[in-house]
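The values are calculated or read from the model by the stated rules, or taken from the named source; none is laboratory data. Predicted model only: the values in this text are computed from it and were never measured. Here the Cβ positions follow ideal geometry from the backbone for every residue, glycine too, while neighbour counts run over all protein chains shown. The accessibility values were calculated without ligands, DNA or RNA, using every heavy atom of the protein model including side chains. Shrake-Rupley method; radii C 1.70, N 1.55, O 1.52, S 1.80 Å.
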Amino acid sequence: MLKLENVSITFNKGTVNEKKALDNVSLTVEDGDFITVIGSNGAGKSTLMNAVSGTYEIDKGKIFLDDKNITRLKEYQRARFIGRLFQDPLRGTAPNMTIEENLGLAYSRGKRRSLNIGIKRKDLNLFREKLSELGLGLEDRMKTPVGLLSGGQRQALTLLMATIVTPKLLLLDEHTAALDPKTAAKVMEITEKIVKENNITTLMITHNVSNALAYGNRTIVLSQGRLAFALEGEQRKNMTVEGLMKLYSDNAGDAFTDKMLLD
Amino acid sequence: MGPDKPTYKKIIRLAPKLIIVIALLLLINFTMMESVVIGTLEKGLVFSLLALGIFISFRILDIPDLSVDGTFTLGVAVSVMNAFNGSPIKGIILAVVAGAVAGCVTGILITKLNVQPILAGIITMTALYSINLTIMERPNISLYRKDTIYTMAKDIFGEDYYKLVVSAIVLLIASLLLFMFLKTQAGMSLRATGDNEYMVRASSINSDRMKILGFAIANALVSLSGAMYTQYSSAGDSNSGTGMLVVGLASIIIGEIFFTKHTILFGILSAITGAIAYRYILAFAMNLGMDSNYTKLFSAVIVAVAIALPAIKQLIGRTAKRFSKENR
Ligand SMILES: Nc1ncnc2c1ncn2[C@@H]1O[C@H](COP(=O)(O)OP(=O)(O)O)[C@@H](O)[C@H]1O
Ligand SMILES: [Mg+2]
């Protein structure tokens, strides 16, 4: 369970560029929840994830994961329990290292990096099996440097890396936005499969409103650093994209960008 | 990936390298005396350690480390003092430790104290300047008639090849250890830190610690190189580190002409090959009458040209285009 209590982040405090990116946000994510997050550009969605992952220190508030206060933990310390994907497929993998080396690094998540051999033989079988489940043929290219893969392949691999040791929480920040529609759909499909099979608690930012309704069990809407409203249960089940747009402009006080309308 | 290229294209692509190798071998064979050939190889092996150290910071971690000149001299200082006092082996070991400590200092400046990498290296180098002089007590120390790890091995390996064998053994051990380390979990984390720091932190790796570790290993190797060199030449000079960074970079750049693949094995082989080739090119230039005062200029030019090469190519391309337009 993830719990945010009155979390605030202000950028460039005390300058003309001062920006309150998160304003007193409180949120509880139950175990097994798959929450989709939407909101216009600059609403603070990425900042929310960066606050949870520890990339940004928060100015105010507390963050708990499974009742453990993680507010003061560093990013790499939180990464023991938190898996993460970014919009940029280049960010999640080491390009000059091979697929199996990348997986090897991910597989020792949370353990001390010792002088033991980096990739054990028995791990290779597991990697091959997991890669073949992606259905991209990567299991036959385990000695290929990741830099030679396409964006979609790299993103799928990053997804595997983020979940090969099941995390307590998975953070997805528009992780299909940089991919072409067909690849994006494929990566989304893989995402749902992995999340479902391992029952991973997930927060997914998306700029695609229909995806926001199609996946997961709750949707939260951010606006100007605040939680504008949340959708769940029957109300969410019966919600249409148009209905959500209407609800948004009534509640959030600004309009969705064109980009969101088009998707 | 696309289908494999036809063989003749591969040969054409390899041609420049083959020509360089053949030319180098011919030069070595026909222009140098055997003693020079071997002496150059010996130096190449000793300075391979320097190149390996610089390979760790500049290539694997992808962070410039300007403390190299200082840590090379640190190795010289620690090694020459111990050898002078009758413990050459202890001198080598302590030099490695001292180099690692110096590397940690640079690493901590960069990661924990947020000092720019370039400035951090300069700070360490400047501090070492005093420290090295303090260790050595005077600018020059001769090991004439003193035991070194080389002279100690003379009886075993014979009058002609003992320097070659000792240098080769130390280099072999160092590169083997380095290779094995880079395949461990810690070593892989180190490589990934230079490759993609975001990914490293997202994989629960402490990237700061990895950088410090990398700088420690890099400077341990650089210091080892200095430690070996001083016993090899039976003399220690507090200025011997000057320009070593550029020498090491030149070696790496030359090595990368031969090895383009980015694997660990090729990286290590590349640093060693480059360091040896550099010494031969230098020896050849001196053979042609180049003054030994110009060796640093020589390495500086190699590095500058190699780094400027893409820009030069572009310039030539543009000029050629303009010419063909004007002639139309
Ligand atoms: N590192 C930063 N420094 C300064 N301002 C930032 C930083 N990151 C985000 N912001 C600002 O905070 C606001 C929220 O950004 P973000 O969370 O990235 O929005 P989005 O909802 O589009 O992901 C924006 O106004 C953005 O310009
Ligand atoms: Mg964003």
Compute the relative contact order of chain B as a whole-number percentage, counting only Cα pairs closer than 8 Å that sit 6 or more residues apart in sequence. 31
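For B:Lys17 and B:Ile93, calculate 0.36 nm times their separation in residues minus their Cα-Cα distance, and state this gained length in nm to one decimal. Before the final figure, lay out the partial values.
Working: separation 76, 0.36 × 76 = 27.36 nm, distance 3.76 nm.
Between B:Lys17 and B:Ile93, full extension yields an extra 23.6 nm.
Tell me: how much accessible area in total is hidden between B and A, 1.4 Å probe, Å², nearest 100?
Buried: approximately 2500 Å² between A and B.
Per residue, how many Å² of accessible area does the range A:2-262 show with a 1.4 Å probe?
On the way: 11880 Å² over 261 residues.
Counting only protein heavy atoms, the per-residue value for the range A:2-262 is 46 Å².
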Quick query: amide H of A:Arg226 versus all other amide H atoms, modeled in the peptide plane; which residues come in under 5 Å with a sequence gap of 5 or more or a different chain? A:Asp23
For B:Ile56, B:Ile316, B:Ile217, B:Ile169, what's the largest-to-smallest order of accessible area, 1.4 Å probe? B:Ile316, B:Ile169, B:Ile217, B:Ile56
In terms of Cα to Cα distance under 19 Å, which lysines are near enough to A:Lys19, apart from those fewer than 8 places away along the same chain? A:Lys45, A:Lys60
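Exactly which trypsin sites (Lys or Arg not before Pro) in the range B:196-269 are in a DSSP loop and have at most 14 other Cβ atoms within 10 Å?
Details: sites: B:Arg201, B:Arg209, B:Lys211, B:Lys261; in loops: B:Lys261.
Taking the range B:196-269 and a limit of 14 other Cβ atoms within 10 Å, the loop trypsin sites (Lys or Arg not before Pro) found are B:Lys261.
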With the charge dipole of the protein assembly as shown built from beta-carbon charges (+1 for Lys and Arg, -1 for Asp and Glu) about the Cα centre, the Cα from B:Thr134, B:Thr151, B:Leu18 projecting farthest to the positive end belongs to B:Leu18
Pick from B:Pro64, B:Pro88, B:Pro310: which is most flexible by mean-square fluctuation in a GNM of chain B where alpha carbon atoms under 10 Å apart are linked? B:Pro310
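Quick one: accessible area per residue over chain B, 1.4 Å probe, rounded to a whole number of Å²? All intermediate terms of the calculation are to be shown ahead of the outcome.
Details: 16230 Å² over 328 residues.
Averaged over the residues of chain B, the accessible area is 49 Å².
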Size of the dipole of chain A about the Cα centre, Lys and Arg at +1 and Asp and Glu at -1 on the beta carbon, nothing else charged, in debye to 20? 1060
In the range A:66-115, which residues give up 40 Å² or more of accessible area once the other protein chains are added, compared with their chain alone (1.4 Å probe)? A:Glu75, A:Tyr76, A:Arg91, A:Asn96, A:Met97, A:Glu101, A:Leu105, A:Arg113, A:Leu115
What longest range of chain A stays clear of loop-exposed GluC sites (Glu not before Pro) (DSSP non-H/G/I/E/B, at most 14 other C-beta within 10 angstrom)? A:58-263
Using the alpha-carbon centroid of each, what span in Å lies between the range A:85-128 and the range B:260-328? 36
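Taking all protein chains together and a probe of 1.4 Å, list B:His262, A:His207, A:His175 from the most accessible to the least accessible. Kindly include the intermediate steps, with their values, before the conclusion.
Details: B:His262 140, A:His207 30, A:His175 5 Å².
Sorted by accessible area, descending: B:His262, A:His207, A:His175.
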Amide proton proximity set for A:Gly39, modelled H, under 5 Å, gap of 5+: A:Leu222
In whole angstrom, how far apart do the alpha carbon centroids of the range A:147-221 and the range A:1-57 sit? 19
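Give the carbon-plus-sulfur fraction of the accessible surface of chain B in %, rounded to a whole number; probe 1.4 Å, heavy atoms of protein chains only.
67
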Relative contact order in percent for chain A (Cα pairs under 8 Å, 6+ apart) equals 26
What pairs in A:Lys168/B:Lys183; A:Lys143/A:Lys196; B:Lys90/B:Lys163 have C-alpha atoms more than 27 Å from each other? A:Lys168/B:Lys183; A:Lys143/A:Lys196
Net dipole in debye of the protein assembly as shown [+1 Lys, Arg Cβ; -1 Asp, Glu Cβ; about Cα centre; nearest 20]: 600
Percent of accessible area on chain A owned by carbon and sulfur, 1.4 Å probe? 47
With the crude spin-label approximation of a point 7 Å out along Cα→Cβ, what separation in nm comes out for B:Ala235 versus B:Lys261? 4.3
Of B:Ser251, B:Met286, B:Thr319, whose Cα points farthest to the positive end of the dipole of the range B:209-328 (charges on the beta-carbon: +1 Lys, Arg; -1 Asp, Glu; origin at the Cα centre)? B:Thr319
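Once you mark the GluC sites (Glu not before Pro) that are in a DSSP loop and have at most 16 other Cβ atoms within 10 Å, what is the longest gap between them in chain B?
Numbers: sites that count: B:Glu137, B:Glu159.
In short, B:160-328.
So what's the back-of-envelope 222 nm ellipticity for chain A, counting only DSSP H runs of four-plus at -39500 (n - 2.57) apiece and dividing by all residues, rounded to 500?
-10500 deg cm²/dmol
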Contour minus Cα-Cα distance for B:Thr242 and B:Ala308 (0.36 nm per residue): 21.5 nm
Listed residue (A:Gly44, A:Thr201, A:Thr183) projecting farthest to the positive dipole end of the range A:2-262, Cβ model: A:Thr201
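Check every DSSP H run in chain B and write down those whose alpha carbon atoms cover 18 angstrom or more along the long axis and whose mean Kyte-Doolittle hydropathy is 0.0 or greater. Show your work: numbers first, answer last.
Details: long enough: B:7-31 (34 Å, 1.46); B:34-54 (30 Å, 1.47); B:68-84 (24 Å, 1.28); B:88-111 (34 Å, 2.00); B:117-136 (28 Å, 1.58); B:162-182 (30 Å, 2.50); B:207-232 (37 Å, 0.50); B:244-258 (22 Å, 2.36); B:264-287 (34 Å, 1.56); B:295-327 (43 Å, 0.55).
Result, helices passing both filters: B:7-31, B:34-54, B:68-84, B:88-111, B:117-136, B:162-182, B:207-232, B:244-258, B:264-287, B:295-327.
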